[in-house]
Amino acid sequence: MRSLAARRALARRVRALERDLPAALDGDVEALHRARVASRRLREILPVLGLGRAAARQAPIRRLRRRLRRLTAALGGVRELDVALGILGELLGRRPDLADALSAARETVEADREDARAEMVRQVEETRAGALVEQLAGLVVAAARPEG
């Protein structure tokens, strides 16, 4: 039985990924975080849709989960550098006496982030994220159908 809560969670995560992924690819730090969270949660909800254990092991679900795992990984490197930049910013606020060292570290992390962002975009394109989101949206429709 497909629970209403699981269907709603799936639909909410698909909408979040659809909304936030383009902004994440354009450099929006918060959208990147939300897209990564949505991809992780989608990967975990697929087996819970009430499809049954055997269905969760079927090739299409396994492939979707693998593609979501690749998408999550692609977003992860840039997200980690965003967090590092946030920590450096907080440190600068608390320790202005370390401004020179923290500014130098920040420049290095920002350069690494730009390189990582270019790689992230390449990897996301490689996962065919648009088609993945369409497949997930199709699952939302299929999950809403009465079981037969």
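If you bin every alpha carbon distance in the chain into 10 Å steps from zero, what whole percent lands in each bin? Pairs per bin, as whole percents: 11, 36, 26, 16, 8, 3, 0.
Sort the range 63-148 into rounded, prolate or oblate with this rule: let a ≥ b ≥ c be the square roots of the eigenvalues of the Cα gyration tensor; rounded if a/c is under 1.5, and if a/c is not under 1.5, prolate when a/b is larger than b/c, oblate otherwise. Here the range 63-148 falls in the prolate category.
What's the longest bit of the chain with no exposed trypsin sites (Lys or Arg not before Pro), using DSSP loop states and at most 14 other Cβ atoms within 10 Å as the test? Looking at the chain, 58-127 is the longest stretch - no exposed trypsin sites (Lys or Arg not before Pro) with at most 14 other Cβ atoms within 10 Å.
Taking the longest Cα principal axis of the chain as reference, the axis of helix 4-25 is set at about 40 degrees.
Since every read-out is calculated from the coordinates, none of them should be taken as a lab result. Since the structure is predicted, the reported quantities are computational estimates derived from the model, not experimental observations. Ideal geometry is used to build each Cβ from the backbone, glycine not excepted, and the neighbour counts take in all protein chains shown.
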